[in-house]
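The values are calculated or read from the model by the stated rules, or taken from the named source; none is laboratory data. If you're wondering where the values come from, they're calculated on a predicted model, not measured in any experiment. Note: ideal-geometry Cβ built from the backbone for every residue, glycine included; neighbour counts use all protein chains shown.
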Amino acid sequence: MKLFITGGAGFIGSNHIRLLLASDPDVEIVNFDALTYAGNLENLRDIAEDPRYRFVRGNITNASEVLGSLEEGVDAIVNFAAESHVDRSIESAAEFVLTNVAGTQVLLDAARMRKVPRFVHVSTDEVMGSLDDGGFFTEDSPLAPNSPYAASKAAAEHLVRAAMKTHGLDVVITRCSNNYGPYQFPEKLIPLVIANAMEGKIVPVYGDGLQVRDWIYVDDHCRAVDAVMRKAATGSVYCIGARSERANLEVIRTILDAVGAPHSLITYVSDRPGHDRRYAIDPVRVESEVGWSPQVTFEEGIAKTVAWYRDSAEWIAHARSGEYREFYEKNLAWRETMKS
């Protein structure tokens, strides 16, 4: 199986590539990534020399770059590429519209031109808004995004559906809950809390900290995406969650205890504009139709994640300082030297 994976240098994409290479000896992967601030090739240093893997630097908004890298014979495009941080979308939404909406359309057009048999679009539960009155998100929940980020992802979903209805493209969509695990950029809640706690720095908490999220370990999400890619019917939408609802404050206290840091590091700050109160997924459809189920409990996942960050001080330092951006240039220069 030949896969064209976009955004593969990011948190979820890099974990997905690593999982596929470890579990499928016959897979071949092209990782197409623009290496924006959240794209980090240090995430994939351990598999960079695998002959089944190739990295191409390119932007999904650039049609010529996409078509130039999307070879004939690719079995599926898996689209992880996205601007994804809500706070950044509040500060400036334009980049989110460009990458998440226009970029998705460029990929859909390229998939048609290259006759790619399947297009997997990785979306988010945030497109469905906030569950303020209880209940759970399902595949039939209306789209009601409350942030520019979520709105851009909802718009992308509409384009994916339109490509199927208008052009007959074989598409599937996944909507996952909050991910955590190794290689997550330190601006996100769990890695931020771990890194700050290990350094004895304050841990900021939005509002009252009682916003609820359904947390899933990243490898479980990746296994779900792989199962959907291989087994789902055309046009399917799947909500992916681990039935692991936790308030942000509970997550933070759990991490502080795991690190051995005092709860006094918790510092309450002004809430984020339009902050959704609760997300929760009903994953029955993906469990019953493709045979997937989460394998990592929240307690196990947090322990594994804290252990990884404890052992990855250099990665954290590079991510925070921006030094990781130099890795690609250094690696490229080394390869050119070896060729000559």
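Search the range 178-219 for residues being within 12 Å of the chain's Cα centre (by Cα) and assigned to a helix (DSSP H, G or I), and hand back the single one that is surrounded by the most Cβ atoms within 10 Å (Cβ to Cβ). It comes out as VAL218. Residues satisfying the criterion are absent from the range 90-97 (criterion: assigned to a loop (DSSP other than H, G, I, E, B) and either within 28 Å of LYS115 (Cα to Cα) or in contact with a Ser or Thr (Cβ under 7 Å, 6 or more places away or on another chain) (or both)). Whenever a residue of the range 184-197 is of a type in the set (D, E, K, R), its partners that are crowded, with 24+ Cβ neighbours inside 10 Å, lying with C-beta atoms within less than 8 angstrom and at least six residues away or across chains, give the pairs LYS188/PHE11; LYS188/TYR180.
Here is a yes/no grid of residues against (1) in contact with an Asp or Glu (Cβ under 6 Å, 6 or more places away or on another chain); (2) at pLDDT below 95; (3) over 20 Å from THR6 (Cβ atoms); (4) among the polar types (S, T, N, Q):
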site: SER89; (1), (2), (3), (4): no, yes, no, yes
site: GLY103; (1), (2), (3), (4): no, no, no, no
site: ASP109; (1), (2), (3), (4): no, no, no, no
site: MET113; (1), (2), (3), (4): no, no, no, no
site: GLY135; (1), (2), (3), (4): no, yes, yes, no
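Of all residues in the range 272-283, those satisfying the criterion of being outside any strand (DSSP E or B) and of a type outside the set (Lys, Arg) are PRO273, GLY274, HIS275, ASP276, TYR279, ALA280, ASP282, PRO283. When the residues of the range 150-171 are narrowed to those that are farther than 28 Å from HIS275 by Cα and of a type in the set (Val, Ile, Thr), which ends up surrounded by the most Cβ atoms within 10 Å (Cβ to Cβ)? The qualifying residue surrounded by the most Cβ atoms within 10 Å (Cβ to Cβ) is VAL171. I want to confirm something. Restricting to the range 249-271 and keeping residues that are in contact (Cβ under 8 Å) with a residue 12 or more places away in the chain and in a loop (DSSP other than H, G, I, E, B), which single residue is farthest from GLU300 (Cα to Cα)? Looking at residues that are in contact (Cβ under 8 Å) with a residue 12 or more places away in the chain and in a loop (DSSP other than H, G, I, E, B), I get SER270.
Please determine whether any residue of the range 56-79 is within 14 Å of the chain's Cα centre (by Cα) and either touching a residue at least 24 places away in the same chain (Cβ under 8 Å) or within 21 Å of VAL171 (Cβ to Cβ) (or both). There is at least one residue in the range 56-79 that is within 14 Å of the chain's Cα centre (by Cα) and either touching a residue at least 24 places away in the same chain (Cβ under 8 Å) or within 21 Å of VAL171 (Cβ to Cβ) (or both).
Here LEU67, LEU44, LEU35, LEU20 are screened, and the one residue that is assigned to a helix (DSSP H, G or I) and either surrounded by fewer than 21 Cβ atoms within 10 Å (Cβ to Cβ) or touching a Phe, Trp or Tyr at 6+ places or on another chain (Cβ under 6 Å) (or both) is LEU67.
For the range 303-340, filtered to residues that are of a type in the set (A, V, I, L, M, F, W, C) and more than 25 Å from ILE216 (Cβ to Cβ), the residue that is modelled with the lowest pLDDT is MET338. With respect to being in contact with a Pro (Cβ under 9 Å, 6 or more places away or on another chain), among the β-branched types (Val, Ile, Thr), within 20 Å of PHE136 (Cβ to Cβ) and outside any helix (DSSP H, G or I), ILE173 falls outside the description.
Evaluate the following for ARG272: is it of a type in the set (D, E, K, R) and at pLDDT 95 or above? Walk me through how you get there before you give the answer.
Details: of a type in the set (D, E, K, R): yes; at pLDDT 95 or above: no.
Judged against the criteria, ARG272 is not a match.
Taking the criterion of being in contact (Cβ under 8 Å) with a residue 60 or more places away in the chain and over 28 Å from VAL56 (Cβ atoms), would at least one residue in the range 103-124 satisfy it? Checking the range 103-124: not a single residue is in contact (Cβ under 8 Å) with a residue 60 or more places away in the chain and over 28 Å from VAL56 (Cβ atoms).
Which residue is farthest from PHE119 (Cα to Cα), if the candidates are limited to the range 234-248 and must be part of a strand (DSSP E or B) and over 18 Å from the mean Cα position of the chain (by Cα)?
Of the range 234-248, the ones part of a strand (DSSP E or B) are 237-240, 245-247.
From what's left, over 18 Å from the mean Cα position of the chain (by Cα): 245-247.
Working: GLU245: 30, ARG246: 32, ALA247: 34 Å.
Taking the candidates together, the pick is ALA247.
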